[in-house]
1. Scan the stretch 138-146 and tell me whether some residue there is at pLDDT 95 or above, touching a helix residue (DSSP H, G or I) at 6+ places or on another chain (Cβ under 9 Å) and open to solvent by 60 Å² or more (accessible area, probe 1.4 Å).
2. Name, by its number, the condition in (1) more than 28 Å from T291 (Cα to Cα); (2) open to solvent by 50 Å² or more (accessible area, probe 1.4 Å); (3) free of Cβ contacts under 8 Å to residues at least 40 places away in the same chain that does not hold for G88.
3. Do we find that Q266 is without any contact (Cβ under 8 Å) to a residue 24 or more places away in the chain, among the polar types (S, T, N, Q) and out of contact with any Leu (no Cβ under 8 Å at 6 or more places or on another chain) in this structure?
4. Kindly evaluate A313 against the criterion of being small (G, A, S), out of contact with any Gly (no Cβ under 9 Å at 6 or more places or on another chain), farther than 26 Å from D131 by Cα and open to solvent by less than 20 Å² (accessible area, probe 1.4 Å).
5. Would you pick out the residues in the stretch 172-186 that are assigned to a loop (DSSP other than H, G, I, E, B), closer than 24 Å to E317 by Cα and open to solvent by 60 Å² or more (accessible area, probe 1.4 Å)?
6. Would you check which residues across the stretch 33-51 are within 22 Å of the chain's Cα centre (by Cα) and either among the aliphatic types (A, V, I, L, M) or loosely packed, with under 10 Cβ neighbours inside 10 Å (or both) and list them?
7. Let me confirm something: among E93, E55, which residue is acidic (D, E), over 27 Å from P140 (Cα atoms) and loosely packed, with under 14 Cβ neighbours inside 10 Å?
8. Take the residues in the stretch 115-129 that are over 11 Å from G88 (Cα atoms) and of a type in the set (S, T, N, Q), then tell me which one is surrounded by the fewest Cβ atoms within 10 Å (Cβ to Cβ).
Amino acid sequence: MLAVLESLMKSQATGELSGSRLEPVILGPECGPLRDECQRAGLSYRTLGLTELAENPKQFVADLNAIIQTEKLRLVHANSLSAGRKLGRIAAELSCLTSAHFRDIIKLSQSAVRDLNQHAGLIAVSNATRDFHVSQGVDPSRIVTILNGIDSNKFSPSEPTGWLRRELGLPPDAILAAVIGQICLRKGQDDVAQAAVLLRDRLPQLHILLIGQRYSSKDESVAFDEELTRIFRAARMEDRLVRLGWRKEMETVYPELDLLIHPARQEPLGRVLLEAAACGVPIVATNVGGTPEIVVHQESAWLVPPKSPVELAEGIEYVWNHPAIRRQYQNSGRARVLSRFSIEQSSQNHLSFWSHLIEQSETGNFVEK
């Protein structure tokens, strides 16, 4: 969302943004990366932690209404499903409109659905995300799909320099296949591990780069993480699994990659897919959630069913052994990002959505909560 606001503020500064003046205010915790990023971007920031809502709901509502009045806010937007439910629960007590974002495909309780339906409007990051939540009871008249966007100048193709291979001590002919994201069952990294074992002798140069980290300390999460190493060790392939951890400047990493493997078992709309496609990295991914809204099978990526290491291995092998296919995916993938997922287009769609909600409210054509 910060990228959306930065894009809108840039357009406003250059005179490209017409209509009322946009003056966003970010509400968040007293300290942390969000506040730091807002300061870097020059965005107005006010302290308001959601933990206070659970501890003292009346005081939280009073504090939020005070900020709404002081900052003359016309709409408050919750940037996650969890925050959206909490904000929806108190929406009727606030002195301005509210909206929320759906960035997850997860099962909701009926009470959560009721809370979310209190918002004036809802945004889903993909049609798959929207359809899933409508099937759970979210009001279809309130929820629209607005695709995420990325900066295609920041994420763009460039010639690899070989710095990543040198850093990792790998030979020039090593195949760098990255799996990017939080290490957890939903992301399916164990399917890639098993696929790599199947390809041990067929693609001996294949190295799996695990980029990301495990955030959960639950026993099952720790066991899942350890299982990845065990699978490679049991096949005597420890040297083929490279853990890079969390990397901030991914725009410098993508050009060094030969493949992106995205084995998710559910995916609302994978940002790493957008970034990799924009950088011209060939993609092998599972055909789940919003992924087929980003790439098209055999046109801009190779898609396989989830939880299928055999088909995943076949897809990796096929794409790697056909250079012409890889070049096609590189070109087509970036073209789709440019045509459908630009940050400028996404930002304008967000602004139009919020402006429409405010206009409906002011003209009396608003859907009652």
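The values are calculated or read from the model by the stated rules, or taken from the named source; none is laboratory data. For clarity, every value in this text was computed on a predicted model and none was experimentally measured. As a convention, Cβ positions derive from the backbone with ideal geometry for all residues, glycine included, and neighbour counts pool all protein chains shown. For accessibility, only protein heavy atoms count, side chains too; no ligands or nucleic acids. Shrake-Rupley method; radii C 1.70, N 1.55, O 1.52, S 1.80 Å.
1. Narrowing the stretch 138-146 to residues at pLDDT 95 or above: 138-146.
If we keep only those that are touching a helix residue (DSSP H, G or I) at 6+ places or on another chain (Cβ under 9 Å) too, we end up with 138-140, 142-146.
Subsequent filtering for residues that are open to solvent by 60 Å² or more (accessible area, probe 1.4 Å) retains 140.
Yes, because at least one residue in the stretch 138-146 is at pLDDT 95 or above, touching a helix residue (DSSP H, G or I) at 6+ places or on another chain (Cβ under 9 Å) and open to solvent by 60 Å² or more (accessible area, probe 1.4 Å).
2. It fails just one condition, (2).
3. no
4. yes
5. P172, D173
6. Those that are within 22 Å of the chain's Cα centre (by Cα) and either among the aliphatic types (A, V, I, L, M) or loosely packed, with under 10 Cβ neighbours inside 10 Å (or both): P33, L34, A41, L43, L50.
7. E55
8. Restricting to residues being over 11 Å from G88 (Cα atoms) and of a type in the set (S, T, N, Q), the top hit is N127.
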